[in-house]
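The values are calculated or read from the model by the stated rules, or taken from the named source; none is laboratory data. A quick note: this is a predicted structure, and the numbers were derived from the prediction, not measured. Glycine gets a Cβ as well: all are built from the backbone with ideal geometry, and neighbour counts include every protein chain shown. These area figures cover heavy atoms from the full protein model, side chains too; ligands, DNA and RNA do not enter into them. Shrake-Rupley method; radii C 1.70, N 1.55, O 1.52, S 1.80 Å.
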Amino acid sequence: MGTTALRRRLPAFAAGLATLALALGSAALPAGAAPPVKDVDLVAVGDSYTAGVGASAPDIAPCTQAGRGYVDLLKALSVVDDDSTNAACAGAVIVDRPSDTAPSVLEQITALTASGTLSVRTELVTLTAGPNDINFTAPLATCARFTLDVCAQAIQEVQAKFPALQADLVEALIAIRRTAPHATIAVFGYPLLFDPAGGPSLLTPEAQELVNAGTRALNNVIAQATDAPRVKAKAVYVDVTEAFAGHAVNSERSWIHLGSLEDPQNFHPTPLGHQAYADALQDAVNLNKLARP
């Protein structure tokens, strides 16, 4: 083919491509229709940290939650569906017990499955759970009133419950995976409550170290649960200890509540603490990759 003939054919070829592209575009998208919106279908379950306690005044009935928690902050993102559901309740344990009034995590999962809210279309599930199952805050009073040896014994008694806790958490993660097989499951740990080098506290620095060691051990149990064979392909452990460094209960700029003795927000994240949880999730999970039409 001569050069002149080739030059004549190139514009015709380009025009043909443009016509084909227009035809394909018209076939894929009706005239006047907007492209489908891609967002993340989020479902949250768990205890008071996911229920938002500490971010604002809690609403007690029928399931204790508070607005502007980390789940609400995630829902405010353009990439997350603002109709996403938060079923978490303060006081929730993982497996139901007759004495508990708040729906357990497994009961939350069952209800969400029955309603179709948790389904094959769910892209992200967030979860906090564990401390209520072992009454993790009970040693705090012991450590404030008694000797270091008694404090250590109280923490060891809590840690003796870790194997059962891990098994229950794995069961909950498997239940989520069964109903929402495509979802990424983000399982949060908990912040260290104290800064032994920080300001005054009801606990001695040595007792604070023991409590923090107990929190690290709890976080390790939670992280190990996310690595269980039947869930690790989809489960992600989200660590928040570094985010809360310098923001403990007795830090100058605390992100953890500590008010009057009966304050239900005690030892829960402040609004800045909930923002730290939302930021940690975004650091651990690429939300844009999860988004689907």
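Note on VAL150 and ARG230: the extension gain reaches 24.9 nm, defined as 0.36 nm multiplied by sequence separation minus the Cα-Cα distance. By accessible area, using a 1.4 Å probe on protein heavy atoms only, the stretch 87-139 has 57% of its surface on carbon and sulfur. For the stretch 217-293, chymotrypsin sites (Phe, Trp or Tyr not before Pro) meeting the loop criterion (DSSP other than H, G, I, E, B) and having at most 14 other Cβ atoms within 10 Å: none. Between THR241 and VAL120, the contour length at 0.36 nm per residue exceeds the Cα-Cα span by 40.4 nm.
Of the residues PHE267, ILE256, SER84, the one whose Cα sits farthest towards the positive end of the charge dipole of the chain is SER84 (charges of +1 on Lys and Arg Cβ, -1 on Asp and Glu Cβ, taken about the Cα centre).
Net charge around ALA90, counting only other residues with Cβ within less than 12 Å of its Cβ (Lys, Arg = +1; Asp, Glu = -1)? Every neighbour counted, the sum reads -3.
Comparing GLU171, GLU252, GLU123 in a Gaussian network model of the chain, where Cα atoms under 10 Å apart are tied by springs, the biggest mean-square fluctuation is seen for GLU252. Compared with the dominant Cα axis of the chain, that is its longest principal axis, helix 162-179 is turned about 20°.
The magnitude of the dipole of the chain, with charges of +1 and -1 set on the Cβ of Lys/Arg and Asp/Glu and taken from the Cα centre, is near 1820 debye. Basic side chains Lys and Arg get +1 at the Cβ, acidic Asp and Glu get -1 at the Cβ, and with that the dipole of the stretch 97-196 about its Cα centre reaches some 240 debye.
Against the empirical 2.2 N^0.38 Å (N residues), the chain has a Cα radius of gyration ratio of 1.30. Take HIS182: with every protein chain present and a 1.4 Å probe, its accessible area is about 100 Å². Spin-label model, LEU258/ARG216: points 7 Å from Cα along the beta carbon direction are separated by 1.9 nm. Average accessible surface for the chain: 51 Å² per residue, computed with a 1.4 Å probe over protein heavy atoms with every protein chain in place. Comparing PRO200, PRO229, PRO98 in a Gaussian network model of the chain where C-alpha atoms under 10 Å apart are linked, the largest mean-square fluctuation is found at PRO98. Using just the helices of the chain, give the 222 nm mean residue ellipticity in deg cm²/dmol: DSSP H runs with n ≥ 4 each add -39,500 (n - 2.57), and the total is spread over all residues, rounded to 500. Helix contribution divided over all residues of the chain: -13500 deg cm²/dmol. Amide H contacts under 5 Å for VAL236: ILE185, ALA186, VAL187, restricted to partners 5 or more places along the chain or on a different chain, H placed in the peptide plane at 1.01 Å from N. Given a 1.4 angstrom probe, I'd like the percentage of the accessible area of the stretch 141-293 that is carbon and sulfur, rounded to a whole number. Carbon and sulfur atoms account for 53 percent of the accessible area of the stretch 141-293. For the pair LEU77 and ILE60, the difference between a 0.36 nm per residue extended length and the Cα-Cα distance amounts to 3.5 nm.
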